[in-house]
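I'd like to ask you about the structure that follows.
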Amino acid sequence: MSQHEISRKLNISRNCIYQTINKFNKLHTVATKPGAERRSKLTDRQKRAIKLQQVRDDTLSLNDLIRYVQTSFNITVSRRTVSRILNEFDMFSYVAPRKPRINHRQQYSRLRWCYQHLSWTENDWSNVIFTDESNFEILNRKDRIYIRRFRNDLKRFERSQPRVHKCGGVGIWSYLTCHGLGPIVFYDGSLNSDKYTDILDQHLPTAHEKFLPQSPRKILLQQDNARPHVSIKTRKYFKKKKINPIPWPANSADLNLIENIWSILDDKLLKYNINNTEQLKTALKMAWMEISHDTIQKLFESMSKRIRQVIKRRGFASHY
């Protein structure tokens with residue numbers, strides 16, 4: 001077959017065919033010679049310096065690193081080059097997890113609580129009603145900070161995003177049991193003791209009904225230490241109704257299973273076109289119905305793992 005026919009059949013230039021055949025006749029191979037690749041602009045030492053800058057501050061962007069290379073080595077490189085160098089060191093871009101700041105007193109309280117509940121089984125946790133409230137906004141619900149870290153580095157939480165509860169949007173309250181989710185309860189404005197006790201009075205009985213014929217005395221209520229939850233009026237309400245909430249350590253959203261439900265709900269809202277409060281409420285109700293019982297079951301199964309992880313991290317935030 002002639003070079004012209006090969007060129008036409010493979011749809012490549014005749015010059016490429018000629019060069020390939022000529023190279024094979026001379027070297028008996030078409031492989032690239034060792035050392036014949038394009039030489040890198042950066043030395044191995046300079047590449048390690050780039051990696052070190054990223055390790056010292058994992059929030060540095062590619063543009064920041066490009067400026068560092070330009071200033072330190074007087075070399076111009078592209079974003080792709082810097083990204084490829086970091087990938088060679090197994091460093092990739094991730095979204096920084098949102099975690100609360102935990103002080104020493106809270107750290108000790110979390111550790112003590114986890115040791116007290118370390119022996120609890122999945123059956124024990126199935127007797128707990130997890131409760132919480134959250135806010136959902138019409139726009140800009142998610143603020144993401146990208147960090148770059150090693151692929152297997154799951155322990156660096158000191159660079160996580162501070163968690164802030166924003167006002168506005170729609171306030172919702174609900175509960176989570178091993179038997180399923182409670183209803184979404186909407187409330188206007190901030191949650192106070194009056195609204196909170198009214199919500200509990202209306203919806204806690206239906207939560208207890210899910211556990212029948214089990215004795216209500218064996219059912220435990222979980223709530224965090226938000227002001228409406230621990231106010232004098234709320235404590236009087238609990239005393240009147242003979243409800244004993246389990247003690248809860250401050251800043252422990254990673255131990256509250258329903259917090260994961262809020263995250264799942266927020267992700268599901270991304271597919272809805274929301275322009276006003278009514279559309280947001282409708283979308284929340286629809287997304288709420290999409291959460292499967294398997295998801296709830298896995299959350300309850302994870303409780304013992306959460307406790308062990310908090311103990312392993314000496315009271316600091318887990319990855320949950």
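Report relative contact order for the chain in percent, whole number only (criteria: Cα-Cα under 8 Å, sequence separation at least 6).
21
Any of Lys195/Lys281; Lys236/Lys268; Lys195/Lys218; Lys99/Lys271 with alpha carbons more than 29 Å apart? Name them for me.
Lys236/Lys268
Excluding residues fewer than 8 places away in the same chain, name every one of the aspartates and glutamates whose C-alpha is closer than 18 Å to that of Lys241.
List returned: Asp194, Asp198, Asp201, Glu209.
Which residue, chosen from Ala317, Ser231, Pro183, occupies the Cα position most advanced towards the positive end of the dipole of the chain, where the dipole is computed from +1 (Lys, Arg) and -1 (Asp, Glu) charges on Cβ about the Cα centre?
So the residue we want is Ala317.
Going by C-beta contacts inside 10 Å, put Cys114, Cys16 in order with the fewest on the left.
Cys16, Cys114
Another question, then. Could you tell me which of rounded, prolate or oblate describes region 44-89, using a ≥ b ≥ c as the square roots of the eigenvalues of the alpha-carbon gyration tensor, with rounded for a/c under 1.5 and, failing that, prolate when a/b is larger than b/c and oblate otherwise?
It is rounded, given that a/c, with a ≥ b ≥ c, falls under 1.5.
Based on the alpha-carbon gyration tensor of region 1-87 and its eigenvalue square roots a ≥ b ≥ c, which shape applies: rounded if a/c is under 1.5, prolate if not and a/b is larger than b/c, or oblate?
Cα axes put region 1-87 in the prolate bin.
Okay, moving on. Can you tell me the orientation of helix 104-116 relative to the chain, as the angle in degrees between its alpha-carbon axis and the longest Cα principal axis, to the nearest 10?
The answer is roughly 70 degrees.
As a footprinting exposure proxy, order Phe136, Phe73 by other Cβ within 10 Å, with the fewest listed first.
Phe73, Phe136
Relative to the longest principal Cα axis of the chain, at what angle does helix 14-27 sit, 0 to 90 degrees, rounded to 10?
Helix 14-27 and the main axis of the chain meet at about 80 degrees.
Give the relative contact order (percent, whole number) for region 44-89; include only Cα pairs under 8 Å separated by 6+ residues.
Worked out over region 44-89, it gives 36 percent.
Here's a follow-up. Using the Cα centre of the chain as origin and beta-carbon charges of +1 (Lys, Arg) and -1 (Asp, Glu), tell me which of Asn25, Val77, Ala250 is placed farthest towards the positive end of the dipole.
The Cα lying farthest towards the positive end belongs to Asn25.
Which whole number in µm²/s is D for the chain by Stokes-Einstein, with the Kirkwood Rh taken over Cα pairs at 4 °C and 1.567 mPa s?
53
Calculate the FRET efficiency for Asn74 and Tyr94 from the Cβ-Cβ distance with a Förster distance of 41 Å, rounded to the nearest 0.05.
0.85
Let me ask you something else. What's the magnitude of the charge dipole for the chain around its Cα centre, counting Lys and Arg as +1 and Asp and Glu as -1 at the beta-carbon? Answer in Debye, nearest 20. Kindly include the intermediate steps, with their values, before the conclusion.
Details: 58 positive and 30 negative charges, 320 e Å.
Here the size comes out at about 1540 debye.
Where a Cα-Cα gap under 14 Å defines reach, which aspartates and glutamates qualify for Lys51, not counting those fewer than 8 residues away within the same chain?
Here the aspartates and glutamates satisfying the reach criterion relative to Lys51 are Asp64, Glu88, Asp90.
Only the coordinates and a few stated rules stand behind these numbers; no lab work does. Owing to the predicted nature of the structure, the values given are computational and were not obtained by experimental measurement. So basically every Cβ, Gly included, is an ideal-geometry build from the backbone, and we count neighbours across all protein chains shown.
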